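Here's the structure, in structure tokens; my notes come after.
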Amino acid sequence: MDEASLLENAIRYLKYLQERVDILEEQARKPTVDVKKSQLVVDDEGSSSNEQQSAPSIDIRVCDKHVLLRICCEKRKGVLVKILCEVETLNLGVVNTSVVPHGSSSHDITIIAEKEKEFSLAAEELVQNLYAVLQRA
């Protein structure tokens, strides 16, 4: 390979990399949707300890066709399965899931999903649907 063709290939590759950088910078400039929903529930049934229990916390970030869900909820049997079923029902394809115990009585669930063509919910509606699933779980 002579020097001229080597330089030509290097220049082509640098142009490709610059185009890729431009595309990624453009994607980074696009706004993301950030939705959080958290409520506090107080036990008013005459509990002598006057304890407060946190309701599920749901944090959703949407960027283009990707959705990041972060849910902190009470540890209950089958809750992850119900959440994942709801996510799939809402036309989101699950790409990755992570569940981490948070203390002795709660889960910190992170789901990365990709919007399917049929997905049409606003982020707030997605939060409401997931919150309803957690209330039933």
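The values are calculated or read from the model by the stated rules, or taken from the named source; none is laboratory data. Given the structure is predicted, the values throughout are model-derived calculations rather than measurements. Cβ sites come from the backbone with ideal geometry, for glycine too, and all protein chains shown count toward neighbours.
Taken over the range 91-137, the residue count meeting the criterion of being assigned to a helix (DSSP H, G or I), among the aliphatic types (A, V, I, L, M) and within 15 Å of the chain's Cα centre (by Cα) is 4. No other residue among E118, E88, E124, E114 is touching a Lys or Arg at 6+ places or on another chain (Cβ under 7 Å) and either surrounded by 14 or more Cβ atoms within 10 Å (Cβ to Cβ) or assigned by TED's automatic domain parsing to the domain that holds L69 (or both) apart from E114.
Quick check on E88: is it over 24 Å from Q27 (Cβ atoms), of a type in the set (D, E, K, R) and either under 16 Å from the mean Cα position of the chain (by Cα) or part of a strand (DSSP E or B) (or both)? Yes; evaluated as a whole, the condition is true for this residue.
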